[in-house]
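Sharing a structure here in structure tokens format.
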Amino acid sequence: MKKTLVSALTTALVVGAASTTFAAANPFSDVPADHWAYDAVSQLAADGVIEGYGDTTFQGDKNITRYEMAQMVAKAMAKSSTGNVSGADKALVDKLAAEFSDELNNLGVRVANLERNADKVKWTGEMRNLAYSTREEGKHMTNNYKTRFRLLPSAEVDENWHVKAKIDADVKINEDGSNDGAKLKEVHADAVYPGYDLKLGKMAYFSDADEGLTFDTYFSGAQVSAGKDVKVTLSGGRMNLKGETLWDGVDEAADFASLQAFGAVGKLNLSASYAYLKADSIKTYTGEDKAGIWSAGGRYTFNPNVSVAGFYAENEKADKGNKKSGTAEVDYKGADKANAGTWGAYVAYRHVGSNASPMPTFDTFNDFCDAKGWEVGGTYVPFKNVKAWVSYFDGKDLNDDSSKNELFGRLSFYF
């Protein structure tokens, strides 16, 4: 087995005469030629975790010592600690650290079991403050305020698999300040393999192919994505419609399946999708006990600051109700929560029929079932990891042409 590595790496951590003497009187045995560590270090070097991989060799067929290997592992650990190492490479570094822990301890590098495993579980989260002011013709204006506390834990299983979850707790500020307790919104196992990604469990389903025109909700089942120039995502399982749908009153889980496809031609990103749902209570709204919703559209990016997008969706299974939806939008710049002072703005025209868009992503449709009209909005980051949203919708009901207006605001703190 050919093993290459720049010779400087074998002495990178040897500092001063004491270390040199220690190496010369090396008490450690050779690492066997067929040991997995050679391939692991070679992979880390090829990925740039250990710098300098190139022209020299592991001295032909001569095995390097465990002490020399430990020096390379320590170098990799130092790079990994910066947080700029991929999950797969991080797993290799941890595995090597466990294998050569005695040698590393002799080098003064602590790798106690607790330290090696502490970062396998990570927590991030968000505190989200939401406000809605809704006005419908012939009705009193309503105002709703709530705070959402969200936790996003993730745990490493191995170099391919991770377990992720989402836990939400909402506080109803304008009512009695009560909450319904924390709810487990998502929990799924994710795998990344060459050529495809896989998810299993309860997960978010966002209709990326139409940028949320049709769905922004959750389902339980499986999802697989594959492809490079043309990416295809297949999802299937059960979707709980209660509380997540514009089909107000549906209290049932539906059989669910979808196929989404994405591709690009220069600055134009194109996409299409088809989603199928089947549940008895859907019939009240669509005339059938099933929904077959297809969508298509794209986004053209003129430059880093300006882009336009348009999408259309239709429920081919519905024989009554508003079964068509569409949106057209112009975006300027964009707010990045990691960079204070960044901002973005947009203007859009929405036509949202509930049978084509049962669970859309638009915040200004929080209380509407069917509406069309204009929407404007913007985002701003006043401080790092603090992001604000504001949007306003001015439109009409698709059924009776009565006016519908909603003002939405959100302030999020990320940690």
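The values are calculated or read from the model by the stated rules, or taken from the named source; none is laboratory data. In this text the structure is predicted, and so the values were computed from the model without any measurement. Virtual Cβ from ideal backbone geometry, glycine too; neighbours counted across all protein chains shown. For the accessible areas, the whole protein counts, side chains as well, though only heavy atoms, and no ligand, DNA or RNA atoms are used. Shrake-Rupley method; radii C 1.70, N 1.55, O 1.52, S 1.80 Å.
State to the nearest 20 debye the size of the charge dipole of region 157-276 about its Cα centre, where the only charges are +1 on K and R beta carbons and -1 on D and E beta carbons.
The calculation lands at about 400 debye.
Note the angle between two axes, namely the Cα long axis of helix 87-99 and the longest principal axis of the Cα atoms of the chain, as a number of degrees from 0 to 90, rounded to the nearest 10.
Compared with the principal axis, the helix lies near 30 degrees.
Each label point is 7 Å from the Cα along the Cα-to-Cβ direction; what then is the distance between the points at Lys122 and Val163, in nm?
Calculated label separation equals 1.8 nm.
Specify the angular offset, from 0 to 90 degrees and rounded to the nearest 10, of the alpha carbon long axis of helix 66-80 from the longest principal axis of the alpha carbons in the chain.
30
Okay, next question. Using a 1.4 angstrom probe on heavy atoms only, work out the carbon and sulfur share of the accessible area of the chain in %.
C and S atoms contribute 54 percent here.
Sticking with this one: If only Cα atoms are counted, what is the Rg of region 278-415, and what is its Dmax, in Å?
17.1, 50
For region 266-322, which semi-axes, largest first and in whole Å, follow from the square roots of 5 times the eigenvalues of its Cα gyration tensor?
After scaling each eigenvalue by five and taking roots: 33, 10, 7 Å.
Please work out the FRET efficiency for the pair Asn174 and Arg135, using the Cβ-Cβ distance as r and a Förster radius of 22 Å; give the result to the nearest 0.05. Walk me through the numbers on the way to the answer.
Details: r = 16 Å, r/R0 = 0.73.
Result of the calculation: an efficiency of 0.85.
Moving on to the next point. Calculate how large, on average over all directions, the projected area of the Cα convex hull of region 231-317 is; give the answer in nm² to one decimal. Walk me through the numbers on the way to the answer.
Details: hull surface 26.8 nm².
Projected area, direction-averaged: 6.7 nm².
Shifting gears a bit: Would you please give the FRET efficiency between Arg238 and Ala182, computed as 1/(1 + (r/R0)^6) with r the Cβ-Cβ distance and R0 = 25 Å, to the nearest 0.05?
That gives a FRET efficiency of 0.65.
More than 19 Å apart: what percent of Cα pairs in region 151-214 qualify?
53
Percent relative contact order of the chain, based on C-alpha pairs within less than 8 angstrom and at least six residues apart?
Over the chain, the number comes to 10 percent.
At Asp197 and Lys324, where each label point lies 7 Å from the Cα along Cα→Cβ, what is the point-to-point distance in nanometres?
With each label point 7 Å from Cα toward Cβ, the separation is 3.4 nm.
Please compute the Kirkwood hydrodynamic radius over region 143-282, one decimal place, Å, based on all pairs of different Cα atoms.
Answer for region 143-282: a Kirkwood hydrodynamic radius of 17.0 Å.
Could you do me a favour and compute the accessible area per residue for the chain, 1.4 Å probe, result in Å²?
Ligands and nucleic acids excluded, the result is 51 Å² per residue.
Same structure again: If you add up the charges near Glu329, with Lys and Arg at +1 and Asp and Glu at -1, over every other residue whose beta carbon is less than 10 angstrom from its beta carbon, what do you get?
-1
Could you work out how much longer the chain between Asn303 and Asn366 gets when fully extended? Use 0.36 nm per residue separation minus the Cα distance between them, nm to one decimal.
Extra length from Asn303 to Asn366 when fully extended: 19.5 nm.
Taking a virtual spin label 7 Å from the Cα of Asp47 along the C-beta vector, which residues in region 64-96 bring their backbone nitrogen under 16 Å of it?
Backbone N within reach: 73-96.
Taking every pair of distinct Cα atoms and averaging 1/r, then inverting, what Kirkwood hydrodynamic radius in Å comes out for region 182-247? Can you show the working numbers first?
Details: mean 1/r = 0.0772 Å⁻¹.
After inverting the pairwise mean of 1/r, the radius is 12.9 Å.
Nearest 500 deg cm²/dmol is fine: what mean residue ellipticity at 222 nm does the chain get from its DSSP H runs of n ≥ 4 alone, each adding -39,500 (n - 2.57), divided by its residue count?
It comes out at -4500 deg cm²/dmol, rounded to the nearest 500.
Roughly how tilted is helix 36-46, in degrees to the nearest 10 and between 0 and 90, from the longest Cα axis of the chain?
Tilt of helix 36-46: around 60 degrees.
Separate question: Estimate the FRET efficiency between Lys146 and Asn106 by the formula 1/(1 + (r/R0)^6), using the beta-carbon distance for r and 51 Å for R0, to the nearest 0.05.
0.35
Then there is this: Please name whichever of Phe262, Val187, Gly125 sits farthest to the positive end of the charge dipole of region 120-267, dipole taken about the Cα centre and charges placed at Cβ: Lys and Arg +1, Asp and Glu -1.
Going by the Cα projections, it comes out as Gly125.
Eigenvalues of the Cα gyration tensor times 5, then square-rooted: what semi-axes does that give for the chain, in whole angstrom, largest first? Could the numbers behind the result be given before it?
Numbers: eigenvalues 553, 106, 86 Å².
After scaling each eigenvalue by five and taking roots: 53, 23, 21 Å.
Out of Asn315, Asn399, Asn240, any idea which swings most in a Gaussian network model of the chain, alpha carbons joined below 10 Å?
Taking springs between Cα atoms under 10 Å, the residue moving most is Asn399.
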